[in-house]
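**Q** Have a look at this one before I ask anything.
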Amino acid sequence: MCGIAGFSYLRPKNKYANNFFKIEKFIAHRGPENTGRYENTYLNLLHTRLSIVDLKGGNQPIENSRYVLIVNGEIYNDLEIRKKNKSYKYSTNSDSESILALYHEGGIDSLKTLRGMYAFVIYDKHLDEVIIGRDEFGIKPLYFSLLKAGIMFCSEIRPIKMSEKSNCSINIFKLFEYMQLQYSTGTATIFNGINRVAPGQILIIKRGKIIKSISNSFKKKGKQDINQTEKFIDKSLRESISTHLRSDVPYCLFFSGGIDSMLLLHYLNQLRKKDITAFSISFDGDSREDLQKITDKYDIELVCEKFSEKDFWEWIFFAAEKIDEPIADYAILPTFKLASLASKNFKVALTGEGGD
């Protein structure tokens, strides 16, 4: 996880530009290992980094004579992009830079071939355009707000909301929607004037104005018989998990024993990955004997953590502060505790969120 933010101004040397980088304190938790900045008379960019790939050489912004890039995410087909796109001259081993390679060779349309979870910002110096985009699943967050001074965008709502340039209020319709659905839909957030970049959406910004919006959508597969479908799912899961394991830091597994985490464990075993640590959480009265039998069979270490009523009261205020919008995610408190335990030794955790 990293933090990205930027402000594209309508006018040069805007009076707000001098104060923009103060928002670093609001996204520093997303990337505590390095902070990078870029600025010109019409643009400010900020990146806070959590290092996963190219630990020493992958700090951002990544800049060359034409482009500036900041990214929050992982590009899983980076190696394939590097092999295929030869005309672009790489300056790092960071998987993020493959975004620039695609854009350099094929323009915006080529970005549809990215595989991964990401939110990115490209500044094209020659065109004087800012391109911001988000992965098709909408895994990585990216918000923006149209303000008097221009357009502000960020990984989180809070820096926009806390900015002296913003005057956001509660969107009553979205509040009612949340009360009914327990989350809000679409691109509008619960705050008036702050919107999400939609999953798969790319916005082109020029000096504080959106000049074009492009939406990527998944290609529909043709009909297949059941045997083909089984083979396709098996191949896709194996390939997906294999590419997710491209990392320069150790990774662990969040393991509940459900369908999704069992599939992860199965394919990790098929891929012959060893020395895996699995983290699991339980509640008072739960037994984890079955999980222990499973992990023993696969020869991986299991770390079990209890979640109690005391933990509830300790974590609920932390969660309320960190969540940008209200959402009734009943697993978020135990997940926060499990992540805090795992983060002592690991930066990356494989999870099957939503798989079952």
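The values are calculated or read from the model by the stated rules, or taken from the named source; none is laboratory data. What you see is a predicted model; the values in this text were computed from it and never measured. Positions of Cβ are generated from backbone atoms using ideal geometry, with glycine treated the same way; all protein chains shown enter the neighbour counts. Areas reflect the complete protein model, heavy atoms only, side chains present, ligands, DNA and RNA absent. Shrake-Rupley method; radii C 1.70, N 1.55, O 1.52, S 1.80 Å.
**Q** Taking amide H atoms as placed 1.01 Å from N in the peptide plane, list the residues 5 or more away in sequence, or in a different chain, whose amide H sits under 5 Å from that of I194.
**A** So I194 has HN proximity to T189.
**Q** How would the range 283-356 be classified by its alpha-carbon gyration tensor: rounded, prolate or oblate, with rounded meaning a/c under 1.5 and the a/b versus b/c comparison settling the rest?
**A** Taking the square roots of the gyration eigenvalues as a ≥ b ≥ c, the range 283-356 is prolate.
**Q** Separate question: Which pairs, out of K25/K212; K274/K310; K293/K337; K13/K161; K274/K322; K297/K344, put more than 29 Å between their alpha-carbon atoms?
**A** Check vs 29 Å cut-off fails for K25/K212; K274/K310; K274/K322.
**Q** Under a straight-distance cross-link criterion of Cα-Cα below 13 Å, which aspartates and glutamates are reachable from K231, leaving out those fewer than 8 residues away in the same chain?
**A** Partners within reach: E239.
**Q** Another question, then. At K112 and D260, where each label point lies 7 Å from the Cα along Cα→Cβ, what is the point-to-point distance in nanometres?
**A** 2.8 nm
**Q** Which one, E305, E136, E24, has the greatest fluctuation when you compute a Gaussian network model over the chain with C-alpha springs under 10 angstrom?
**A** Checking each option, the largest mean-square fluctuation is seen for E305.
**Q** Another question about this same structure. Mind putting a number on the dipole of the range 124-170 about its Cα centre? Charges go on the C-beta only, +1 for Lys and Arg and -1 for Asp and Glu, and I need it in Debye to the nearest 20.
**A** Here the range 124-170 has a charge dipole of around 260 debye.
**Q** Cross-link candidates for K306: which aspartates and glutamates have Cα within less than 15 Å, leaving aside residues fewer than 8 places away along the same chain?
**A** Those aspartates and glutamates meeting the cut-off are D284, D286, E289, E314.
**Q** Apply the Karplus curve 6.51 cos²θ - 1.76 cosθ + 1.60, θ = phi - 60°, to the phi angles in the range 65-70 and return the couplings in whole Hz, x for Gly and Pro.
**A** 5, 10, 10, 10, 9, 10
**Q** Then there's this: Under 22 Å Cα to Cα from K86, which lysines show up? Leave out anything in the same chain fewer than 8 places away.
**A** Excluding near neighbours in sequence, the set is K112, K125.
**Q** Also, I was wondering about something else. Just to check I understand the Karplus step: with θ = phi - 60° and J = 6.51 cos²θ - 1.76 cosθ + 1.60, what whole-Hz values come out for the range 2-9, glycine and proline as x?
**A** Result, ordered by residue: 10, x, 10, 7, x, 9, 9, 9 Hz.
**Q** Next question. Build a GNM of the chain with springs between Cα atoms under 10 Å: which of D296, D135, D225 gets the top mean-square fluctuation?
**A** The residue with the greatest mean-square fluctuation here is D225.
**Q** Excluding ligands, DNA and RNA, what is the solvent-accessible area per residue of the range 90-243 at a probe of 1.4 Å, expressed in Å²?
**A** 52 Å²
**Q** Let me have the 222 nm mean residue ellipticity of the chain computed from DSSP H runs of 4+ only, each contributing -39500 (n - 2.57), with the sum over all residues rounded to the nearest 500.
**A** -8500 deg cm²/dmol
**Q** State the dimensionless ratio Rg/Rh of the chain (Rg: radius of gyration of Cα atoms; Rh: Kirkwood radius).
**A** 0.97
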